[in-house]
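The values are calculated or read from the model by the stated rules, or taken from the named source; none is laboratory data. All values reported here derive from a predicted model rather than from experimental measurement. Cβ sites come from the backbone with ideal geometry, for glycine too, and all protein chains shown count toward neighbours. Note: accessible area is taken over every heavy atom of the protein model, side chains too, but ligands, DNA and RNA are not part of it. Shrake-Rupley method; radii C 1.70, N 1.55, O 1.52, S 1.80 Å.
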Amino acid sequence: MGSVENETQLSVEDSHEAILYVNGVRRVLADGLAHLTLLEYLRDTGLTGTKLGCGEGGCGACTVMVSYYDQHLKRSVHSAINACLAPLYSVEGMHIITVEGIGNRRHGLHPVQESLAQAHGSQCGFCTPGFVMSMYALLRSSRTPPSEEQIEESLAGNLCRCTGYRPIIDAFRVFAKTDDALYTNISSESLPGGEYICPSTGKPCSCGSKAVNSNDNCKESTTLGNRYKPVSYNEMDGNFYYEKELIFPPELLMRKLRPLNLSGFAGLKWYQPLGLQHVLDLKSKYPDAKLVVGNTEVGIEMKLKRIQYKVLISVAHVPELNALSVNDDGLEIGAAVKLTELVQVLKKAVTERASHETSSCKAFIEQIKWFAGKQIKNVASVGGNICTASPISDLNPLWMAAGAKFRIVDGMGNVRTTPAESFFLGYRKVDLTSGEILLSILLPWTRPFEYVKEFKQSHRRDDDIAIVNAAMRVLLEKNRGKWVVADASIVYGGVAPVSLSASKTKDSLMGKGWDQELLQGALRTLEDDIVLKEDAPGGMVEFRKSLTLSFFFKFFLWVSCQIDEEQCFGKILPQSQLSAIKSFCRPSSTSSQNYEITKRGTAVGLPEVHLSSRLQVTGEAEYIDDTPMPPNGLHAAFVLSRKPHARILSIDDSEAKSSPGFEGLFLHKDVPGDNNIGPVVHDEEIFASEFVTCVGQVIGVVVADTLENAKLAARKVNIKYEELSAILSIKDAIKSNSYHPNTERIMEKGDVELCFQSGACDRIIEGEVQVGGQEHFYLEPNSSLIWTMDGGNEVHMISSTQAPQKHQKYVSHALGLPMSKVVCKTKRIGGGFGGKETRSAFIAAVASVPSYLLNRPVKLTLDRDIDMMVSGQRHSFLGKYKVGFTNEGKVLALDLEIYNNAGNSLDLSLAVLERAMFHSDNVYEIPNIRIKGKVCYTNFPSNTAFRGFGGPQGMLITENWIQRIAVELKKSVEEIKEFNFQREGSILHYGQQIQHCTLAQVWNELKSSCEFLKAREEVDQFNLHNRWKKRGIAMVPTKFGISFTTKFMNQAGALVQVYTDGTVLVTHGGVEMGQGLHTKVAQIAASSFNIPLSSVFISETSTDKVPNASPTAASASSDIYGAAVLDACEQIKARMEPVASRHEHSSFAELVSACYLERIDLSAHGFYITPEIGFDWKTGKGTPFRYYTFGAAFSEVEIDTLTGDFHTRRADVLLDLGYSLNPAIDVGQIEGAFVQGLGWVALEELKWGDAEHKWIPPGHLYTCGPGSYKIPSVNDIPLKFNVSLLKGVPNAKAIHSSKAVGEPPFFLASAVFFAIKDAIIAARAEVGCNDWFPLDNPATPERIRMACIDDFTERFVRSDFRPKLSV
């Protein structure tokens, strides 16, 4: 087996070697590396800017640019690719450019990097290098400046969990051709008086923002419009961006390709033939060999499905397989042609050939648009997609329907042709013998009056696999003045083990007139033609059946529109029906950010960029897994339970011991200290001893010399179980009385029973609300590196955690060491959102055991699927409500039972339940209220903290019954809300009085600025004229309490050290995870000392600098750590005052030096406790919160009632954040929280093996990666996204009159959810159904479609049908 370390640097003359250029540096690839991906190679050689986010090409964090010389085009081609899927040898002879290769902090940033940093487009920074490289590759590959649409399309394969995408789009938009910079060549900086260049005219004008007034304590209102100020390339570094690019290496221009025959670990062979005959010879020698081009399917099979292929044959350079020819019969497409190349040829054909010939081409172009991200399309081949024979392939139904023919060649060179329709034999089986390969595809031109149309519905529009897709073709001919069907093909994907031709339906169409009778007959036949069993893999059976009919209906209408309407269809198709076939074409998004700048001192209040942004955009910012492995270091991998509840009978490690590189297996008996851990109660084990209580519970840990060897050995540990009954839902837990001990809570105000019985309530409603969970999907997976010092006397670690003190505590507990001998440090983390508050700590405890016992460093970094499986999610909830109210809409009484799904340990679930109970009134005055809460014990991995910490779940339940009251009373929901608003002085159900209430101000200002009444009228008009598309709007308020609800956690420490050169080092107990905490704290220190922000540095969070720190959570970190730092600064200033009062010093540095000479202590420990808080659960009364953050949001959506597809047309968000410490960072937090919340309410669905999903093994998580779990992408954000901060409202209860921002905006995304429901109400009204109905979150396409009852759904479900949800 080779390794990266034993590469040899050879001279240019030795061109017979396998070579690669990386950032302009020639590298020789040794034999023995065939098992490596490009990403593994790059990271092993120290280029850690390219990140591992998922390992399956789904997140884009690993994006690099690959350049190669195209012999056909006679020029260099530049493409963005996923390094995590690219086999190392597949890029042999190419030039790889990573984020490090385009710019760095020392030598200057590339304009793409600079623009992203300045636009606040990097928060946690983990995804940032991927975005930079996607944009960079687009610029390098574009002969003319790209359009805004092209920019957004190029980012579709990149995910971000922090920013909400808006600042990223704005940062890159300056490179679009609509901006002045690329036309005028004038720097706006050089214009007299700082004049602004108009994007439209390229000439100076007054439409831009003026510079911020820099006077101390000034206030200024700033509105950033639809785009950032355009910048020309030379503003960034003095040169046009292309003058400093790395050129394509001349050696690669002159070098001839050569066949490769290389090897890898475990006998893997890699061949790169250069001719068809060579391919055929290899295939006959190795019948089971896999042909690869982009490795986008085989790579995932080998990594995630653990399929071991022994021989891989790369056919990317075989000319016969890359041929593309246009002839009279159609297009002939080589099997190795990449999808990006195919689209270019199809677009060319559409422009050059007669319109009637290219109906199939247009369908392919449209389908490939939504196929995957740009990185995948740049490498994935046509033949690879065909031969994978996936039942949900987007393209195979189109090949079949379009009448394509596949040319197949055998080892003797014999070619046969088979119709696409008969090529697919069964689940992932095709009509190829072991010696045959797919040579090419012939796509015929369509004939006059022949129409081909594509359809696809997925969870997320961009970069997602289909739930159901389809391709349909019909050839019409005139017969006695009537259009009749001469030929047809109807093919579906996602409804059978193969792409399925609806043959009965096709036969029923032949010879029929294209009219309503044909439509109704075809719909009836389709019901029999497409058979889906109740337990079909993938679930959603009713939805999938309804889509088959919806797609055909759309096809019927579309074809009807294509033919001459005047001849026969003018009367058949009313205008309102046409909405069914209006394809969604997303315009470029627009946005505005409106805030007031209240500057205090040198830095507080200014919209400063994130302090690490320049490091993050260059890939220089280090995360845990980027840290070089110490000498003698080991990698760790979990041995996990595969059963939800079972007794462990035996553990056999004999096979693992003989695995290469194996160094040890560690189990519960090996723990030196205590095996029992937990943040509140010690109810979970580091290693399961006798029983396992969930799938994914850690039974042991294997350590080995490499990560792959550790994972391989872990898979070889054989465990035998005795299975026990499992509880797999909240309802199961209620039925079995399965609750965590001592977790029942109750809150009461007034007398609920008396109110219900007194007759005061004109109406009483009862119902239940199911609230779905959510995966954190931080881009950086959990990671810890642990090592011992002094022979094991001390233990040190660096960890990706929000709570270093918890890591310190768990590790000391596990090892039996005092906490004073255990140190945990965290520099930054790639996102947390609560998921790294407690659940990351057990991971460190697991890694500490082998490190301590072997006295060697151990690194444990989780793969994405393992991280999602073991680390817990947002709690799902069940709420059962009974509400009494008057006919005017005044709420009088609420009786609420609330349950959350804790999983197999308590973790923080009780505190999450308590906060849900605190927020179960949202913003409404309820005189009589009783809330009972219980924490359910289930056999799932322990659920944990997530942004909002139970508050959003409690408020969502409330907004559901508020909306129901409006339906019952036939009033607008906004009227009901306003009628019941809390106000200044309101006493809440837990006894706290509301002070400084800005709710009404926020609500009224938003209602006015979004022109709510006008929007309502426009939506109603749209719905009146469109039968199959409906729009909806909603406004949602929020009130979020700020403080940890556990009193002792509201404390903070900080250490401030002033050095003799006048610079300041700050250390505090909070963790930087992208939220800008270090930046805000540094601003506070800078303003306190009246020095520039650049003079303050924060390096890391460390338990040996600031002890006993609370987790960075509860939105309170800026408040408490900012106050602790200010306390330390004030102490130092007080000591300096006698020297400063002499006024003998011209600078802070001189003052510091003078103090030092007078032996004044220039270091101080600051401390802060949140005052005037406390809550007693015995009485159910107290003051749990220091203050409240108020906010409101307006949203408008449009849904396709036939498919459930939706998009957010607009979102306006307004929050009261007092005087913001940094308005730009706060706006970024609002946008990020809103888009993450949008995922929770509308996109992200966790699917577990439970009674509702019997096709998933019991207790297993199906949605454990970006392939199956869909967070919002760049194209899911609102088309118009406006964020404002309330002006002129200082908050007396927090530092510098600011307010907390992290969690409060999250719930406001429920405005999208209720806007969707509003649109569904309009759809149901079309069929006379005006009753209230439940809608669970997330409002996925399935839930939207099945709630929009019509003739199609009624064939499969009743009007009260409720799609299945794991709760």
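Points to keep in mind about this one:
- Pairs with Cβ under 9 Å, 6+ apart, first in the stretch 320-331 and farther than 13 Å from Ala349 by Cβ, second outside any helix (DSSP H, G or I) and open to solvent by 70 Å² or more (accessible area, probe 1.4 Å): Asn322/His72
- Taking the stretch 1246-1268 as the range and being buried (at least 22 other Cβ atoms within 10 Å of the Cβ) and out of contact with any strand residue (DSSP E or B) (no Cβ under 9 Å at 6 or more places or on another chain) as the test, the residues that pass are Asp1250, Cys1264, Gly1265, Pro1266.
- Cβ-Cβ contacts under 6 Å between residues 6 or more apart (or on different chains), taken from a first residue in the stretch 252-279 that is without any contact (Cβ under 8 Å) to a residue 60 or more places away in the chain to a second residue that is β-branched (Val, Ile, Thr), are listed as Tyr271/Ile313; Pro273/Val279.
- Boolean, Lys554 is touching a residue at least 40 places away in the same chain (Cβ under 8 Å) and in contact with a helix residue (DSSP H, G or I) (Cβ under 7 Å, 6 or more places away or on another chain): yes
- The set of residues from the stretch 316-375 being within 15 Å of Leu443 (Cβ to Cβ), open to solvent by less than 30 Å² (accessible area, probe 1.4 Å) and not in a helix (DSSP H, G or I) comprises Gly330, Leu331, Ile333, Gly334, Ala335, Val337, Thr358.
- Scanning the stretch 475-496 for residues that are open to solvent by 20 Å² or more (accessible area, probe 1.4 Å) and over 16 Å from Asp507 (Cα atoms) yields Glu477, Lys478, Asn479, Arg480, Gly481, Lys482, Ala496.
- Residue among Ser612, Ser546, Ser576 that is open to solvent by less than 50 Å² (accessible area, probe 1.4 Å) and within 30 Å of Pro1223 (Cα to Cα): Ser612
- Residue match in the stretch 1026-1037 (condition: modelled with pLDDT of 95 or more, open to solvent by 30 Å² or more (accessible area, probe 1.4 Å) and of a type in the set (A, V, I, L, M, F, W, C)): no
- Within the stretch 1297-1309, the set of residues being buried (at least 24 other Cβ atoms within 10 Å of the Cβ) and either under 30 Å from Glu1198 (Cβ atoms) or in contact with a strand residue (DSSP E or B) (Cβ under 6 Å, 6 or more places away or on another chain) (or both) comprises Ser1298, Lys1299, Ala1300, Val1301, Glu1303, Pro1304, Pro1305, Phe1306, Phe1307, Leu1308, Ala1309.
- Residue match in the stretch 238-247 (condition: part of a loop (DSSP other than H, G, I, E, B), at pLDDT 50 or above, surrounded by 15 or more Cβ atoms within 10 Å (Cβ to Cβ) and hydrophobic (A, V, I, L, M, F, W, C)): yes
- Wholly enclosed helices (runs of 4 or more DSSP H) of the stretch 937-1046 bearing at least 2 residues in contact with a strand residue (DSSP E or B) (Cβ under 6 Å, 6 or more places away or on another chain) and within 30 Å of Leu557 (Cα to Cα): 1012-1025
- Residues located in the stretch 1065-1084, provided they are surrounded by fewer than 24 Cβ atoms within 10 Å (Cβ to Cβ) and over 19 Å from Gly601 (Cα atoms): Thr1067
- Cβ pairs under 8 Å, 6+ apart, first in the stretch 1268-1289 and part of a loop (DSSP other than H, G, I, E, B), second of a type in the set (S, T, N, Q) and open to solvent by 20 Å² or more (accessible area, probe 1.4 Å): Leu1279/Thr590; Leu1286/Gln1001; Lys1287/Ser221; Val1289/Gln1001
- Selection from the stretch 1200-1215 of residues that are over 22 Å from the mean Cα position of the chain (by Cα) and assigned to a strand (DSSP E or B): Asp1200, Leu1214, Leu1215
- Single condition Trp787 does not satisfy, out of (1) surrounded by fewer than 24 Cβ atoms within 10 Å (Cβ to Cβ); (2) without any contact (Cβ under 8 Å) to a residue 60 or more places away in the chain: (2)
- Val468 under 21 Å from Thr1353 (Cβ atoms) and in a loop (DSSP other than H, G, I, E, B): no
- For the stretch 885-904, the set of residues classified as hydroxyl-bearing (Ser, Thr, Tyr) and surrounded by 22 or more Cβ atoms within 10 Å (Cβ to Cβ) consists of Tyr899 only.
- Within the stretch 389-419, the set of residues being surrounded by fewer than 22 Cβ atoms within 10 Å (Cβ to Cβ), farther than 23 Å from Ala363 by Cα and out of contact with any Asp or Glu (no Cβ under 6 Å at 6 or more places or on another chain) comprises Gly411, Met412, Gly413, Asn414, Val415, Arg416, Thr417.
- Within the set Lys859, Lys882, the sole residue that is crowded, with 24+ Cβ neighbours inside 10 Å, more than 22 Å from the chain's Cα centre (by Cα) and part of a strand (DSSP E or B) turns out to be Lys859.
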